[in-house]
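Report on the following structure.
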Amino acid sequence: MTTVSELIAATNDLLYGTHRQTLNVLTTTLSTSDTAVVCTHSIGNDLSRGSFIAIDDELMYVTATNTSTNTLTVIRAQRATTAAIHTSGAIIDINPRFPRYRVKAALKAEIAS
């Protein structure tokens, strides 16, 4: 039986096609109130104020970046998502074209119809 997570991953593969999806990795665990996101890899020019990042089902708005510490300052729970705990090692999707929460909502709507 295919899980919803597997469907989302497969859907993203199809939707992104040859588009370069930019990813990073969360260095520390985030509580629901943390606003500093520390990335494992260099954030370089991939991120700036006004960017969005997605971790699991949560979308966050980037208000500031610190390239020397690879730290992002964010506003949590954007576009009807909910602030959640995210564990160290979670994938950070940078400026996602198809955020996980939207794919999940579309799948739920299709299943319900």
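For region 58-80, which residues satisfy the criterion of being surrounded by fewer than 19 Cβ atoms within 10 Å (Cβ to Cβ), of a type outside the set (A, V, I, L, M, F, W, C) and either in contact (Cβ under 8 Å) with a residue 60 or more places away in the chain or not in a strand (DSSP E or B) (or both)?
The answer is Thr67, Ser68, Thr69, Asn70, Gln78, Arg79.
From the list Arg97, Arg102, Arg79, Arg49, exactly one residue is in contact with a helix residue (DSSP H, G or I) (Cβ under 7 Å, 6 or more places away or on another chain) and either more than 14 Å from Ala9 (Cα to Cα) or of a type outside the set (A, V, I, L, M) (or both). Which is it?
Arg97
Please give the number of the condition Pro96 fails out of (1) crowded, with 16+ Cβ neighbours inside 10 Å; (2) at pLDDT 95 or above.
The single condition Pro96 does not satisfy is (2).
Can you tell me which of (1) in contact with an Asp or Glu (Cβ under 7 Å, 6 or more places away or on another chain); (2) open to solvent by 70 Å² or more (accessible area, probe 1.4 Å) is the one Ala83 doesn't meet?
It fails just one condition, (2).
Among residues belonging to region 6-26 that are closer than 16 Å to Ala106 by Cα and at pLDDT 70 or above, point out the one that is most open to solvent (accessible area, probe 1.4 Å).
The selected residue is Glu6.
Go through region 38-57 and give me each residue that's surrounded by 16 or more Cβ atoms within 10 Å (Cβ to Cβ) and assigned to a loop (DSSP other than H, G, I, E, B).
Ile43, Asp46, Leu47, Ser51, Asp56, Asp57
The values are calculated or read from the model by the stated rules, or taken from the named source; none is laboratory data. This structure is a prediction, so every number in the text was calculated from the model and none was measured. A quick note on method: Cβ atoms are made from the backbone with ideal geometry, for glycine too, and the neighbour counts reach across all protein chains shown. Please note that ligands, DNA and RNA were not included when accessible areas were found on the heavy atoms of the full protein model with its side chains. Shrake-Rupley method; radii C 1.70, N 1.55, O 1.52, S 1.80 Å.
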